[in-house]
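Below: one structure, written as structure tokens.
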Amino acid sequence: MAWLKGVVVRLLAVIVAAAVIVYFLLPIYWLVIASFKSPGLCEYTSLGEQTICTNELFAGNPLWLNRINPIQYVNVLSGTMILRWIANSFLISGSSTIIGVLVSTMAGYALAQYTFKGRSVLVLLVAAMFMVPVTALAVPQFLFLLGIGWLGTYQSVIVPCSASVFGVFFMSIYIPGAVSPSVIEAARLDGAGELKIFFTIVFRLLGSGLITLCLIIFIGAWNNFLLPSFVLTDMNKYLVTQGVAAYMGGGVQNRALMYSYFISGSVLSIVPLIAVFVCLERFVEKGLYLGAWR
């Protein structure tokens, strides 16, 4: 009976894993399928009841595509500034990632390797910050940025996105397992300074951890919507999340164009994230198996 129990457990595990995969991938699948359908309009009665629906978005099988129609991508590329918004997102997310990884790694290294007065209090504060919701910080951040005159500038989003509490906590845990204290002591005996040790030795031993942190900060900055909505009012400086959301509330009178803008725009907004993850995933996976990537 033991073998039967093992088979049942494995079967249940496969079923649960399949259900989770379908749960997460089905919306993306629908979004991609819907983006290649014709966004024609439905006719409605005076009471708001739908009578005739000639478009493919709301007629037929929602999970199947009869023919490929790229008109929605033509609409969003020609009718919006989505390419500029994507470039803005790359600028802000990339800058936030570079600054955030450097700051988080240095702070995590200090918490992991140095013993100083108040260290335990700092660790508790970092852990406690996980309990603070992001929405609770929106108004204080807005008032602070207003006070220093940063509203409407790229740095008003870059700097807050660079401050990653999770990054500090993650690196403070990762560094002790990836960097041997004997290596650091040997470098100190050879006369190397602390900055030289950090940038020439420690940084080289944190390959997979750094890449994992890059992914986390980059994705967080790319998907950030609340803070940019407060501080970026110029449409030329919008992030792609702002630009796509601007048309979801009915900002366009032509409903067919509105559907095109936020359906195909949503697909274009997630393509860079998928590309970045596919390029870096092998390093993250290698780090999970080996502990540290050299």
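A short reminder: the numbers here are calculations on the coordinates, not readings from a lab. Values in this document were obtained by computation on a predicted structure and should not be read as measured data. Every residue, glycine among them, receives a Cβ derived from its backbone with ideal geometry; neighbour counts consider all protein chains shown.
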Practice problem: Please report, largest first and rounded to whole Å, the three semi-axes of the ellipsoid equivalent to the chain, where each semi-axis is the square root of five times an eigenvalue of the C-alpha gyration tensor. | Solution: 44, 28, 17
Exercise. Kindly provide the helix-only [θ] at 222 nm of the chain, computed as the sum of -39,500 (n - 2.57) over DSSP H runs of four or more divided by all residues, to the nearest 500 deg cm²/dmol?
Key: -22000 deg cm²/dmol
Exercise. For region 110-225, report the convex hull volume of the alpha-carbon atoms normalised per residue, in Å³, without decimals.
Key: 144
Quiz item: Once the piece of chain linking residue 77 and residue 192 is laid out straight, how much longer is it, given 0.36 nm per residue of separation minus the C-alpha distance between them?
Solution: 36.0 nm
Exercise. Let me know the charge dipole size of region 97-240 about its Cα centre in debye, to the nearest 20, where only the beta-carbon of Lys, Arg (+1) and Asp, Glu (-1) is charged.
Key: 120
Quiz item: Residue by residue, what Karplus-based ³J(HN,Hα) values in Hz, rounded to whole numbers, does region 230-244 have, using 6.51, -1.76 and 1.60 with θ = phi - 60° and x for Gly and Pro?
Solution: 7, 9, 10, 9, 7, 4, 5, 9, 4, 7, 5, 5, 5, x, 5
Practice problem: Could you check the simple spin-label distance between residue 20 and residue 151, using points 7 Å along Cα→Cβ, in nm with one decimal? | Solution: 4.4
Quiz item: In percent, how large is the relative contact order of the chain, given Cα pairs closer than 8 Å and 6 or more residues apart?
Solution: 26
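Note down the magnitude of the dipole of the chain about its Cα centre, charges +1 on Lys and Arg C-beta and -1 on Asp and Glu C-beta and zero elsewhere, to the nearest 20 debye.
Rounded to the nearest 20 debye, it is 560 debye.
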Quiz item: Most fluctuating residue of 91, 122, 239 in a GNM of the chain with Cα springs under 10 Å: which is it?
Solution: 122
Exercise. Highest first, please rank the peptides 147-157, 181-191, 109-119 by the mean number of other Cβ atoms sitting within 10 Å of their residues.
Key: 147-157, 109-119, 181-191
Practice problem: Read phi for every residue in region 189-204 and hand back ³J(HN,Hα) as whole Hz from Karplus 6.51 cos²θ - 1.76 cosθ + 1.60, θ = phi - 60°, with x for Gly and Pro. | Solution: 5, 7, x, 6, x, 5, 5, 5, 4, 5, 7, 9, 10, 4, 4, 6
Quiz item: Taking the Cα atoms only, what angle lies between the long axis of helix 207-222 and the longest principal axis of the chain, rounded to 10 degrees?
Solution: 40
Self-check item: Within region 144-182: backbone nitrogen closer than 17 Å to the residue 233 label point (7 Å, Cα to C-beta)
Solution: 144-157
